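Structure first, then comments.
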Amino acid sequence: MARALSAEIVINGDDVYEDLLGTAATLQELASSMGFAATKGIGMWRFLDAQAKPAPDVYVLYTATGAFSEDEQRGLVSRVRAGTGLLALHASNVFAAVESGETENHKLVYDLIGSRFSSHGPPPHESRFWVKFDRGHAITQGLDDFEITHEHYVIELAHPAMEVLAVREAAEGPEPLLYVRHDGKGRVCYLQLGHDMRVWDEPLVRTLLGRALLWCVGESYPHVKRSSEAETP
């Protein structure tokens, strides 16, 4: 019998702006529905070598600042470069700033995830907008653009050659919502959606999450449907 793929949902930080516990439970349910042996946990200590257990096939990060030491970052980077996938969601690229206002103390994870939050842009900081896809990738192939109500993120990309798969059209230019990259033997995907529990009820967001999980471990959907065919993991 083939070994089941494993996913570990990791939350960290505080729940003032994000529902960490509710989202972790939802992500665990979704990963399980995709056939993953899914667990969840709190804190970045799990990436320290002294605390390390066998890495899952994919980590799913849903964090809201919180402590993330350089040694913990280094541990996550080494696991991804050795072949573990990484799916980073929403505020996982919002890093706690040092007194200078810089985030160089999070340079390792900034480089790994591939972006960091810069601002919400001009008000309003939330609106109803279209998610527009580049359909030339396994994650987005066959999907129709869709509308969603969500907060805005202006993000700074760490790598110029990032493969951006979805954007929001803003007055200042396209805001990346979904992108992928490779790091060593590992695959990294970032999805900006996920601010509150409303978003997880959106069928196309759940589809994106399911496809992203599979892409991060080198798998793909056995077939691709159009959005109208109600592909909902």
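Values quoted throughout were computed directly from the atomic coordinates according to the rules given, and no laboratory measurement underlies them. Bear in mind that the values here come from a model prediction, so they are computed numbers and not experimental data. Every residue, glycine as well, gets a Cβ built from its backbone with ideal geometry; the counts of neighbours run over all protein chains shown.
Step through the residues of the stretch 149-157 one at a time and calculate ³J(HN,Hα) from phi using the Karplus curve (6.51 cos²θ - 1.76 cosθ + 1.60, θ = phi - 60°), rounding each to whole Hz and writing x for Gly and Pro.
The phi angles translate into 9, 7, 6, 9, 10, 9, 10, 9, 7 Hz.
Going by Cα centres, the stretch 64-78 and the stretch 165-206 are how many Å apart?
Taking the Cα centre of each part, the stretch 64-78 and the stretch 165-206 sit 21 Å apart.
Please turn the phi angles of the stretch 119-131 into ³J(HN,Hα) values with the Karplus equation 6.51 cos²θ - 1.76 cosθ + 1.60 (θ = phi - 60°), one per residue in order, whole Hz, x for glycine and proline.
Each residue's phi maps through the Karplus curve to give 6, 8, x, x, x, x, 8, 9, 7, 9, 9, 8, 8 Hz.
Out of residues 5 or more away from D183 or on other chains, whose amide H comes under 5 Å of its own, with H placed 1.01 Å from N in the peptide plane?
V188
Would you pull out the residues with amide H under 5 Å of S118's amide H, same chain only if 5 or more places away, H placed 1.01 Å from N?
The list, which skips near neighbours in sequence, is V154, I155, E156.
Using the Karplus curve 6.51 cos²θ - 1.76 cosθ + 1.60 with θ = phi - 60°, what ³J(HN,Hα) values do you get for each residue of the stretch 56-69, in whole Hz, with x for Gly and Pro?
x, 6, 8, 9, 10, 9, 9, 10, 9, 6, x, 5, 8, 5
Looking at Y179, A82, G13, which one has the Cα that reaches farthest to the positive end of the dipole of the chain (charges on Cβ: Lys, Arg +1; Asp, Glu -1)?
A82
Is there a quick way to get the dipole size of the chain? I mean about its Cα centre, with the Cβ of Lys and Arg at +1 and of Asp and Glu at -1; what is the value in debye to the nearest 20? Write out the running numbers ahead of the final one.
Values: 21 positive and 33 negative charges, 193 e Å.
Using only the charged Cβ atoms, the result is roughly 920 debye.
Using a Gaussian network model on the chain with a 10 Å cutoff between Cα atoms, which of P203, P56, P124 fluctuates the most?
P124
What is the sum of charges around H152, taking Lys and Arg as +1, Asp and Glu as -1, for the other residues whose C-beta is under 13 Å from the C-beta of H152?
With Lys, Arg at +1 and Asp, Glu at -1, the neighbours total -3.
How big is the charge dipole of the stretch 5-125 about its Cα centre, in debye rounded to the nearest 20, if each Lys and Arg gets +1 on its Cβ and each Asp and Glu gets -1 on its Cβ?
Dipole about the Cα centre, nearest 20: 380 debye.
In a GNM of the chain with a 10 Å cut-off on Cα contacts, which of H150, H90, H159 has the highest mean-square fluctuation?
Greatest mean-square fluctuation among the candidates belongs to H159.
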